[in-house]
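Here, each number is a calculation from the coordinates, and none is a lab measurement. Everything quoted here is computed from the prediction, not taken from an experiment. Glycine also receives a Cβ, built like all others from the backbone with ideal geometry; neighbour counts cover every protein chain displayed.
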Amino acid sequence: MKVTINDKTLEELEELFLKEGYQKFRAKQVFRQIHVNKVNDFDQMTDLSKDMREELSQKFYFPSVKMENEFVSKIDSTKKYLLSLDDGNIIEAVFMNYESRKTICISSQVGCRMGCKFCASTKKGLERDLTAGEILEEVYELERINGDINNIVIMGIGEPLDNFKNITRFISLITDEKGRNLSHRSITLSTSGLVPKIYELADMDIDVNLALSLHYASDEKRRRYMPIANKYSIGQLIKACDYYLDKTKRRVSFEYVVIDGVNNLDEDVNNLVSLFAGKNIHINLIPLNPIEEFAYGKPKNSALRDFRDKLSRKKLNATIRRSMGSDIDASCGQLRNNYAR
Ligand code: SAH
């Protein structure tokens, strides 16, 4: 069986190459071709002899993540992508260009098993994890199309902390100074709140920004919409975030999908205040993107602003997330579901 080539650190590649009888510096050449030149085909590595290229392609392979479809917004620069994997599975990614910062939103799994009621990505459960090589190739494929990006948000399909080994390997690789050299602070990982994994992440040398999908300010309410809340309480979640913040000194923010009439009531304001009063935290208010399987609509702008103002008056720092590419409307998960149909 062929060995994946693009998910190896330089040290691992060197070891592999030595074992295969190649000189050590060849590993560095290949590593640079992959991570600096974004080459995903040995044939294009013209700094290697034809024979060596041929041999390498017998022994190693690149997982492919190929653009199937591109949807371009007419309102802003947002583009959404359907990407196909070697086994025919489909994932989604989004490219945004805002104030000359290029951000991509990437998927971490094919499907998701968290079961949040309002989310399209989880409706058919988890198909499989993405490998580290696939997540990397997902990013490089988007960079081949759009040029180098500045930020990555791991907020596409999947629960990144449910694919811990691969997502952390991916982050280590893409931040490697000898390769793509993206800074840790330009990566934001969003999680529905797998508490033990937040501690584990904090104790590694990963140091990315953390976004916590809170969405509800009481355990009772949260449990109704997010099964993970039956496992970990909001109190445990916030403690884990405090630990993460303390350890990494990175930004931790709370995501709050506003569902009008459900989680923007006065009781929610009060609950948020008792959770966060006096703390220097940031709440991102996200308008619900309506999906077929969840019977709530998009909140009016006035409802969003009201809620934000109520929070602000209580000294909680909340902002309304800009909604990009609203005309190619299909937050992650929806495109894939429709494609499957
Ligand atoms: N599983 C991770 C990351 C992927 S979801 C997580 O839960 O954080 C990325 C963000 O989109 C999460 O905050 C998620 O709750 C939110 N989201 C899911 N469905 C949505 C919808 N219909 N409208 C708006 N945001 C949604």
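Observations on the model:
- Nearest-0.05 FRET efficiency for Glu54 and Thr9, computed from C-beta distance (R0 22 Å): 0.30
- Candidate lysines - alpha carbon under 27 Å from Lys59, same-chain residues fewer than 8 apart omitted: Lys2, Lys8, Lys19, Lys24, Lys28, Lys38, Lys50, Lys165, Lys178
- Extension gain, Lys28 to Arg224, is 65.4 nm, computed as 0.36 nm per intervening residue step minus the present C-alpha separation.
- The chain - percent relative contact order, Cα under 8 Å, separation 6 or more: 15 percent
- DSSP-defined beta bridges in region 65-340 - what % are antiparallel, rounded to 5: 45 percent
- Extension gain for Lys2 to Glu68 (0.36 nm times residue separation, less C-alpha to C-alpha distance): 21.3 nm.
- Cα gyration tensor shape of region 3-61, rounded if a/c is under 1.5, else prolate or oblate by comparing a/b with b/c: rounded
- For the pair Glu200 and Arg101, the difference between a 0.36 nm per residue extended length and the Cα-Cα distance amounts to 32.6 nm.
- About its Cα centre, region 3-61 has a charge dipole of approximately 140 debye under the convention of +1 per Lys or Arg Cβ and -1 per Asp or Glu Cβ, with nothing else charged.
- Those lysines that a straight Cα-Cα span of less than 18 Å connects to Lys231, excepting residues fewer than 8 apart in one chain: Lys117, Lys197, Lys221, Lys239
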